[in-house]
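Shown next, in structure tokens, is the structure this report addresses.
The values are calculated or read from the model by the stated rules, or taken from the named source; none is laboratory data. Note that the structure is a prediction, hence the values are computed from the model and not measured. Backbone-built Cβ (ideal geometry, glycine too); neighbour counts: all protein chains shown.
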Amino acid sequence: MSQLLGLKARKMAILTAAHDLFRAKQVATQIGIMKARRLEKSYRESDISFHESENRYFEIINAH
């Protein structure tokens, strides 16, 4: 984790896939939510709280 935060501080681009929204909020500047191999939503980390992010994730994942 400290390596990712160090790279973020140096403004390096990093692409990672994770299911952990809490960690994503810690290290990301952009967060995307995918479903069935499609990018459904993306947003800037600074524009949304953790709880809003979690709610969006569940809305997308549970939509039919």
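Assigned to a loop (DSSP other than H, G, I, E, B), of a type in the set (Gly, Ala, Ser) and at negative phi, is that true of ALA24?
The answer is no for ALA24.
Please name all residue pairs, on different chains or six or more residues apart, with Cβ atoms under 7 Å, provided the first residue is in the range 47-58 and is assigned to a helix (DSSP H, G or I) and the second residue is among the aromatic types (Phe, Trp, Tyr).
PHE50/PHE22
Mind checking which pairs have a first residue in the range 1-28 that is farther than 14 Å from GLU45 by Cβ and a second that is modelled with pLDDT under 80 and part of a loop (DSSP other than H, G, I, E, B), Cβ under 7 Å, 6 or more apart or different chains?
LEU7/ILE14
Of these, LYS25, LYS41, which one is touching a Ser or Thr at 6+ places or on another chain (Cβ under 9 Å) and surrounded by 13 or more Cβ atoms within 10 Å (Cβ to Cβ)?
LYS25
I need the full set of residues from the range 1-21 which are closer than 22 Å to ASN62 by Cα and either in a helix (DSSP H, G or I) or touching an Asp or Glu at 6+ places or on another chain (Cβ under 8 Å) (or both), in order please.
LEU21
For (1) among the aliphatic types (A, V, I, L, M); (2) surrounded by 11 or more Cβ atoms within 10 Å (Cβ to Cβ); (3) over 14 Å from the mean Cα position of the chain (by Cα), each residue gets a yes or a no:
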site	(1), (2), (3)
MET1	yes, no, yes
ALA9	yes, no, yes
LEU21	yes, yes, no
GLY32	no, yes, no
SER46	no, no, no
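Got a number for residues in the range 51-64 being under 24 Å from LEU4 (Cβ atoms) and either among the charged types (D, E, K, R) or under 10 Å from the mean Cα position of the chain (by Cα) (or both)?
Summing the residues that are under 24 Å from LEU4 (Cβ atoms) and either among the charged types (D, E, K, R) or under 10 Å from the mean Cα position of the chain (by Cα) (or both) in the range 51-64 gives 5.
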